[in-house]
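Structure first, then comments.
Just so you know, all these numbers are worked out from the coordinates, no wet-lab data involved. Here the structure is a predicted model, which means the values were calculated and not measured.
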Amino acid sequence: MATVKELRELSKGELQARASELKQTLFELKNKASTGVLDSTAELMKTRREVARCLTVARAKDLEAKASKAKE
């Protein structure tokens with residue numbers, strides 16, 4: 001699990017790739033949960049929050065870039 005500080009150091013492309021990987025992991029966890037194989041249901045929430053962190057930081061970078069372009 002990465003902290004927000006670590007995520008801010010990544011590029012936008014890396015954040016999108018990480019979010020995609022986490023979404024795939026979330027899909028797999030949901031499948032395990034539905035079949036009763038999942039050991040810890042807390043992993044679902046942790047993964048969802050991690051996806052949200054990645055997308056939030058990526059969006060903040062987008063807004064920051066647009067703001068800097070508007071100033072020019």
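Assorted remarks:
- Each Cα pair under 8 Å and six or more residues apart adds its sequence gap; the mean of these over the residue count of the chain is a relative contact order of 44 percent.
- Each residue of the stretch 53-61 was assigned a 3J(HN,Hα) from its phi angle through the Karplus expression (A = 6.51, B = -1.76, C = 1.60, θ = phi - 60°), giving 4, 4, 5, 5, 5, 4, 5, 4, 5 Hz with x at Gly and Pro.
- Here Lys23 is the anchor, and the lysines within straight C-alpha reach of less than 22 Å, apart from those fewer than 8 places off in the same chain, are Lys5, Lys12, Lys32, Lys46, Lys61.
- Rounded to the nearest 500, the 222 nm mean residue ellipticity of the chain from helices alone is -28000 deg cm²/dmol, with -39,500 (n - 2.57) taken per DSSP H run of at least 4 residues.
- Helix 12-35 and the longest principal axis of the C-alpha atoms of the chain enclose an angle of approximately 20°.
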